[in-house]
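What follows is a short report on a single structure.
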Amino acid sequence: MKWYIYVCLIVLSAACSPQVEKGKTEKPREWIISRDEAIGELPCFKCHSFQKFTVPGNGSFPHEIHLSSGYHCNQCHSFRAHRFMKTDTSICNTCHNIRTFTYAASGLPVKFNHEFHAKFGCKECHTGIFQMKKGSSKITMDALYKGRYCGVCHNGKKAFSSSECGRCHEMKSFKKSVFYKINGMGDVIFSHEFHTQIFGCDQCHPRTFAMKRTQGKMKMDEMYAGRYCGTCHNGEKAFPSTDCGKCHTK
């Protein structure tokens with residue numbers, strides 16, 4: 001039985017190694033210049049199916065698009081059969097600008113430095129955490145706080161916490177006061193800038209206030225019961241909600 005296993009191992013080893021004729025040197029990877037030549041030269045496809053890399057995926061890396069554009073495996077990947085596969089992302093910048101981009105799905109745009117994060121390796125984020133298709137990942141702050149998307153690393157341990165909003169978001173919009181129109185009473189002017197000088201964003205969001213405008217949803221009865229602004233404005237942490245003139249304009 002042992003001799004049979006040895007023979008099988010030798011056959012597999014030969015199948016996964018490039019065949020080089022006697023007296024000739026092995027072609028360097030730069031010599032493979034077409035998709036068809038790559039399929040014929042790479043030992044991987046002697047056993048593995050090439051077709052599985054061309055099937056379109058839902059948000060996964062679009063191999064089929066890059067192959068149809070003339071790119072081949074060895075332009076991006078370096079192989080050593082069953083030992084390692086390294087990916088060279090520098091070629092991506094030939095067509096794509098992945099250095100920085102702005103994520104503007106919310107009212108507070110985020111500038112993401114892709115080039116900085118790429119040093120950790122593409123597979124650390126794609127496709128397990130983020131899909132490769134733009135817009136396929138529905139990122140919310142609630143999801144980040146639960147350890148999804150950016151929150152996988154930005155949890156205060158691996159990297160700074162997601163609650164440090166100013167590290168990622170452009171906070172310019174908070175320089176302006178927020179107006180709440182109230183029927184039968186003077187409008188309320190809320191100074192986000194004043195409150196963020198004293199408290200961190202995570203002390204109000206999303207536990208006390210959802211990450212969306214609450215116009216028309218806050219009631220005074222709820223504040224008196226300790227919800228919304230009443231969480232702090234209870235006469236102990238801050239002036240009570242019953243001091244109407246402190247918030248409502250005349």
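A search for C-beta distances below 6 Å between a residue of the range 190-212 that is within 18 Å of LYS176 (Cα to Cα) and any residue that is in a helix (DSSP H, G or I), counting only pairs 6+ apart in sequence or on different chains, returns HIS192/PHE174; GLU193/PHE174; GLU193/LYS175; CYS201/CYS165; MET211/MET141.
Within the set GLY135, GLY147, the sole residue that is within 29 Å of THR208 (Cα to Cα), part of a loop (DSSP other than H, G, I, E, B) and either in contact with an Asp or Glu (Cβ under 9 Å, 6 or more places away or on another chain) or modelled with pLDDT of 90 or more (or both) turns out to be GLY147.
The number of residues in the range 169-204 being of a type in the set (S, T, N, Q) and either in contact with a strand residue (DSSP E or B) (Cβ under 7 Å, 6 or more places away or on another chain) or surrounded by fewer than 13 Cβ atoms within 10 Å (Cβ to Cβ) (or both) comes to 4. Looking only at the range 184-202, decide whether some residue is in contact with a helix residue (DSSP H, G or I) (Cβ under 7 Å, 6 or more places away or on another chain) and of a type in the set (A, V, I, L, M, F, W, C). Scanning the range 184-202 turns up at least one residue that is in contact with a helix residue (DSSP H, G or I) (Cβ under 7 Å, 6 or more places away or on another chain) and of a type in the set (A, V, I, L, M, F, W, C). Condition (residue is in a helix (DSSP H, G or I) and either modelled with pLDDT under 85 or among the hydroxyl-bearing types (Ser, Thr, Tyr) (or both)) applied to the range 230-246: is it met by at least one residue? Taking every residue of the range 230-246 in turn, at least one turns out to be in a helix (DSSP H, G or I) and either modelled with pLDDT under 85 or among the hydroxyl-bearing types (Ser, Thr, Tyr) (or both). Inside the range 192-230, residues that are of a type outside the set (Val, Ile, Thr) and within 17 Å of THR140 (Cβ to Cβ) make up a count of 11.
Considering the range 157-195, and only residues there that are at pLDDT below 90, among the hydrophobic types (A, V, I, L, M, F, W, C) and in a loop (DSSP other than H, G, I, E, B), the residue that is farthest from MET211 (Cα to Cα) turns out to be MET185. Residues of the range 64-92 that are among the polar types (S, T, N, Q) and surrounded by 12 or more Cβ atoms within 10 Å (Cβ to Cβ): ASN74, GLN75, SER78, THR87, THR89.
Contact map, the range 228-250: first residue on the phi < 0 side of the Ramachandran plot, second residue acidic (Asp, Glu) and in a helix (DSSP H, G or I), Cβ cut-off under 8 Å, separation 6 or more or different chains; pairs are GLY230/GLU222. If only residues of the range 134-156 that are under 20 Å from HIS205 (Cβ atoms), of a type in the set (Ser, Thr, Tyr) and over 10 Å from the mean Cα position of the chain (by Cα) are counted, the one that is surrounded by the fewest Cβ atoms within 10 Å (Cβ to Cβ) is THR140.
Against the numbered list (1) exposed (fewer than 14 other Cβ atoms within 10 Å of the Cβ); (2) assigned to a helix (DSSP H, G or I), THR214 comes up short only at (2).
The values are calculated or read from the model by the stated rules, or taken from the named source; none is laboratory data. A quick note: this is a predicted structure, and the numbers were derived from the prediction, not measured. Cβ sites come from the backbone with ideal geometry, for glycine too, and all protein chains shown count toward neighbours.
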